[in-house]
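Below you'll find the structure, written out as structure tokens, and then a few comments.
The values are calculated or read from the model by the stated rules, or taken from the named source; none is laboratory data. Only a predicted model underlies this, so the values are computations on that prediction, with no experimental measurement involved. For neighbour counting, all protein chains shown are included, and Cβ atoms are generated from backbone atoms with ideal geometry for every residue, glycine included. Quick note on the areas: whole protein, heavy atoms, side chains included, nothing else; ligands and nucleic acids left out. Shrake-Rupley method; radii C 1.70, N 1.55, O 1.52, S 1.80 Å.
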Amino acid sequence: RKEVEQDPGPFNVPEGATVAFNCTYSNSASQSFFWYRQDCRKEPKLLMSVYSSGNEDGRFTAQLNRASQYISLLIRDSKLSDSATYLCVVRKDTGRRALTFGSGTRLQVQP
Amino acid sequence: DAGITQSPRYKITETGRQVTLMCHQTWSHSYMFWYRQDLGHGLRLIYYSAAADITDKGEVPDGYVVSRSKTENFPLTLESATRSQTSVYFCTSLGIDEQYFGPGTRLTVT
């Protein structure tokens, strides 16, 4: 079983749609949580950190449920430029402090 | 310019050859990491370093060697390249709370 599981998609949605991605993680010792965006196998870029209280950045809302070990990302009013692969990422903040990545969910926003 | 750079950006090599991928960061971050990205696997940790002269294995270290004689450099060497090492390699460094990625090296082993 992978440590971070995501639905690979692809999610094909029209412009303006709301789309939600989910992710589960298996290591309960994980302490930090992130969503990264990756375009065409370029380097991943941090989209947002995820907190238990939930957090929002413009059209993007992220939620963390530590009890269920579940992370979500909601994108409202999708734009063509949102088309990318979204990576769910967790990290232990002790020890190696490396990131553990999900395989990514591909989003294609269509005109 | 501050940042993290990788070289070469693209490399084609033959099976059995030794190849070194370079990584350089300008911030003096203590932690540095090498990941490889393959279809269906996402990014996987090869090696990491907590400081100069301190390195340790990640999930998929076989066939790779690293060194860290200076804080700013973290080269990754494939001792005898195999086709299974065809991949995109990312070097990162850890800032206060964010990992910074290099642009990646696309390696093809023929």
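Computed quantities for the displayed model
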| read-out | value |
| --- | --- |
| Residue count for segment A:62-85, restricted to those that are within 14 Å of A:ALA17 (Cα to Cα) and over 10 Å from the mean Cα position of the chain (by Cα) | 9 |
| A:ALA62 being within 12 Å of chain B (Cβ to nearest Cβ), open to solvent by less than 70 Å² (accessible area, probe 1.4 Å) and touching a Gly at 6+ places or on another chain (Cβ under 9 Å) | no |
| Single residue of A:SER103, A:SER72 found to be out of contact with any Phe, Trp or Tyr (no Cβ under 6 Å at 6 or more places or on another chain), under 24 Å from B:VAL60 (Cβ atoms) and polar (S, T, N, Q) | A:SER103 |
| Within segment A:38-54, tally of residues that are within 14 Å of another protein chain (Cβ to nearest Cβ) and either surrounded by fewer than 19 Cβ atoms within 10 Å (Cβ to Cβ) or among the polar types (S, T, N, Q) (or both) | 10 |
| Pairs, first under 19 Å from A:LEU47 (Cβ atoms) in segment A:62-75, second charged (D, E, K, R), C-beta under 7 Å, six or more apart | A:ILE75/A:ARG59; A:ILE75/A:ASP82 |
| Segment B:1-55, subset without any contact (Cβ under 8 Å) to a residue 40 or more places away in the chain and in a loop (DSSP other than H, G, I, E, B), residue surrounded by the fewest Cβ atoms within 10 Å (Cβ to Cβ) | B:ASP1 |
| Selection count, segment A:76-93, where residues are open to solvent by 60 Å² or more (accessible area, probe 1.4 Å) and in contact (Cβ under 8 Å) with a residue 40 or more places away in the chain | 5 |
| All positions within segment B:69-110 that are away from chain A (no Cβ under 13 Å), assigned to a loop (DSSP other than H, G, I, E, B) and among the charged types (D, E, K, R) | B:LYS70, B:GLU72, B:GLU79 |
